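A short worksheet on the structure shown next.
The values are calculated or read from the model by the stated rules, or taken from the named source; none is laboratory data. All of these numbers come straight from a predicted model, not from anything done at the bench. Cβ sites come from the backbone with ideal geometry, for glycine too, and all protein chains shown count toward neighbours. For the accessible areas, the whole protein counts, side chains as well, though only heavy atoms, and no ligand, DNA or RNA atoms are used. Shrake-Rupley method; radii C 1.70, N 1.55, O 1.52, S 1.80 Å.
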Amino acid sequence: MAGRPTPVSADAAASVEGASQHTTLYNIRKASHPLHILIVGCGMGGLAAAHCLGKAGHKVTLFEAAAAIGEVGAGIQITPNLSRLLRRWGAGSALEAVGVRPEAIVLRRYATGERVGYTRWTDMEEKYGSPYYHIHRADLHKLLFDLAAPYMTLRLKSNVVGVDPDAPSVTLGTGEVVHGDLIIGADGVKSLVQRIVLGHTNPAEPTGDAVYRAIVPSHLLLADPELRELVDVPEMTGWMGPRRHIMAYNIRAKNEYNFVLAHPDDGSVESWTAEGSADKMRADFADFEPRVRKILSFIDSTLKWRLMDRKPLKTWIHPSHRVILLGDACHPMLPYRAQGAAMAIEDAAVLGNLLSRLSHPAQLKPLLQAYEDLRLPRTAETQRQSRLNQKIFHLPDGPEQEQRDADMRKATEAELRRWREGKRAADDKLAGSANQWADEDKNLAQFAYDADEAAERWWADVGEKQVGGLASGAAREPQVLSRL
Ligand SMILES: Cc1cc2nc3c(=O)[nH]c(=O)nc-3n(C[C@H](O)[C@H](O)[C@H](O)COP(=O)(O)OP(=O)(O)OC[C@H]3O[C@@H](n4cnc5c(N)ncnc54)[C@H](O)[C@@H]3O)c2cc1C
């Protein structure tokens, strides 16, 4: 039987201790005007920010409300735009040890299992410069923790209850006030810091969907002739049905099979650790093909999570330029493009790269503006594509669904031809395909993106002229940041 979905201790997961000390970033460039940066939230985004800003020469204090850190028992997809960064940061071999490289994405009809969409993923590294992995969330969190640990003072049981953007400072639940130079709200979808930045409340919006999540030991699938192929050939399998879909993939070196079941939200809660009813889950997916029902019969408990997102914000920066947002705090999205954590970690990479150039207080404002300018459009487009998949995957049976399937089949044929003939026809980019992973322009934009390259290019094109000169010119301005 599948184990209880209790939070997984990070200690039990993958390790890259010491890796960050052996890697150099930003061509060894470090800020000659170091800041004390206060990060709120020890999720994937907060940890990545601690690593990147520490590498950039800043002092980091990270506040986490929880008493212990870790992640829930569930899988996560690491697309090439994210694995590129993790490899650069020294986590490449750990990723390879705990991750599974999926061979393809396969999209199926829910009731029959018929394959309608197919995109091969074995050439991800060749095409986009870095591999695609499926791993356990606890493994990714532990990798990021190990990378950040040498560069941060971590304060657990430190619930931030107030932020003064002018001081700037954070107030903890105990009443303690901690001062710094810059505050980063990496405090997730229910972000308190976002309210401070915007000056009003702006709660995340329910998307109408919720997910059940469960992990099944792979030996149960391997023992069944009908199911063993799902492990033997590690593809990401999606089953699309009316108002519902399932995504399933292998993690932990194919020892565990991760199941995510999206369905209409019927009053679930926003919590990573809320338990759902396994019987209700089985009832909700009773019209799915026999293989799905068989896997669901192995599950005795499940996590349930209400999916929230939010329209792109107008800004991520408080007018004081001392408080900014990062990750789900500013761009929560449906997980239907597998990009939420990737976007949070890319935010951190761009921010670290830009702030490694800080040599005078006057540069902070334009560098933070560059962070927003580089990141907001990309995350907004990713939010949009994630919402689009909700519509595509959940079509009710009928003419629109038939048209979707016909479009996906056409893309599948083109994909199979590409593999048979060794190349894709020049005009065969499958732009606008209902299978968004078949659309080559979307793939290039999403997967070939290099956060450091984006920041370096901005500096070469714009920043050096606009910001470089401020170091000498503005040196006369009496604008003093607190020193370390
Ligand atoms: C079902 C599902 C599947 C997903 N699959 C993928 C995927 O395959 N690939 C992918 O890239 N992304 C995926 N995501 C998205 C991804 O999990 C999130 O985008 C990512 O975890 C966001 O990270 P974060 O650091 O911004 O926020 P969080 O992980 O939410 O971290 C916020 C942290 O801040 C702390 N905190 C909050 N308020 C305070 C406070 N006041 N004081 C102190 N601490 C505070 C919280 O305790 C928490 O530790 C998925 C999400 C879901 C729901």
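Yes/no per residue for (1) in contact with a strand residue (DSSP E or B) (Cβ under 7 Å, 6 or more places away or on another chain); (2) of a type in the set (D, E, K, R); (3) crowded, with 19+ Cβ neighbours inside 10 Å:
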{"position": "99", "(1), (2), (3)": "yes, no, yes"}
{"position": "102", "(1), (2), (3)": "yes, no, yes"}
{"position": "109", "(1), (2), (3)": "yes, yes, no"}
{"position": "120", "(1), (2), (3)": "yes, yes, no"}
{"position": "123", "(1), (2), (3)": "no, yes, no"}
{"position": "127", "(1), (2), (3)": "no, yes, no"}
{"position": "130", "(1), (2), (3)": "no, no, yes"}
{"position": "133", "(1), (2), (3)": "yes, no, yes"}
{"position": "138", "(1), (2), (3)": "yes, no, yes"}
Worksheet entry | Failed item in (1) open to solvent by 10 Å² or more (accessible area, probe 1.4 Å); (2) within 15 Å of the ligand (Cβ to nearest atom), with residue 393 passing the rest | (1)
Discussion item. Checking residue 79 against (1) surrounded by 20 or more Cβ atoms within 10 Å (Cβ to Cβ); (2) polar (S, T, N, Q); (3) under 18 Å from residue 147 (Cβ atoms), only one condition comes out false. Which one?
Written reply: (3)
Worksheet item: In region 145-174, what count of residues is obtained for those that are surrounded by fewer than 20 Cβ atoms within 10 Å (Cβ to Cβ), within 14 Å of the ligand (Cβ to nearest atom) and not in a strand (DSSP E or B)?
Response: 5
Discussion item. For region 111-133, which positions are more than 27 Å from residue 417 (Cβ to Cβ) and not small (Gly, Ala, Ser)?
Written reply: 133
Worksheet, complete the sentence: Checked pairs for region 97-117, first under 20 Å from residue 294 (Cβ atoms), second at pLDDT 95 or above and of a type in the set (Ser, Thr, Tyr), C-beta under 7 Å and 6 or more apart or across chains, list as 106/118; 106/237; 108/237
Response to the item:
Counting only residues in region 294-312 that are buried (at least 19 other Cβ atoms within 10 Å of the Cβ) and in a loop (DSSP other than H, G, I, E, B), the one nearest to the ligand (Cβ to nearest atom) is identified as 310
Worksheet entry | Residue list for region 239-254, filter: under 21 Å from residue 77 (Cβ atoms) and either among the charged types (D, E, K, R) or modelled with pLDDT under 95 (or both) | 244, 252, 253, 254
Worksheet item: Which residue, of 264, 335, is open to solvent by 40 Å² or more (accessible area, probe 1.4 Å) and touching a Gly at 6+ places or on another chain (Cβ under 7 Å)?
Response: 264
Discussion item. I need the full set of residues from region 255-277 which are touching a Ser or Thr at 6+ places or on another chain (Cβ under 9 Å), in a loop (DSSP other than H, G, I, E, B) and modelled with pLDDT under 90, in order please.
Written reply: 273, 274, 277
Worksheet item: Can you tell me how many residues in region 317-332 are of a type in the set (A, V, I, L, M) and either surrounded by fewer than 24 Cβ atoms within 10 Å (Cβ to Cβ) or more than 8 Å from the ligand (Cβ to nearest atom) (or both)?
Response: 4
Item to complete: Report, by residue number, each residue of region 191-201 that is part of a loop (DSSP other than H, G, I, E, B) and either within 16 Å of the chain's Cα centre (by Cα) or more than 10 Å from the ligand (Cβ to nearest atom) (or both).
Response: 199, 200, 201
Worksheet item: Just a yes or no: is a residue in region 55-73 within 16 Å of the ligand (Cβ to nearest atom), open to solvent by less than 20 Å² (accessible area, probe 1.4 Å) and more than 28 Å from residue 356 (Cβ to Cβ)?
Response: yes
Worksheet item: How many residues are open to solvent by 20 Å² or more (accessible area, probe 1.4 Å) and out of contact with any Gly (no Cβ under 9 Å at 6 or more places or on another chain) when one looks only at region 179-188?
Response: 1
Discussion item. For region 215-238, give me the residue count where each residue is hydrophobic (A, V, I, L, M, F, W, C), assigned to a strand (DSSP E or B) and either open to solvent by 10 Å² or more (accessible area, probe 1.4 Å) or closer than 20 Å to residue 78 by Cβ (or both).
Written reply: 2
Worksheet entry | Close pairs (8 angstrom Cβ cut-off, 6 or more residues apart or separate chains): within 18 Å of residue 77 (Cα to Cα) in region 315-340, part of a helix (DSSP H, G or I) and among the acidic types (Asp, Glu) anywhere | 327/347; 340/328
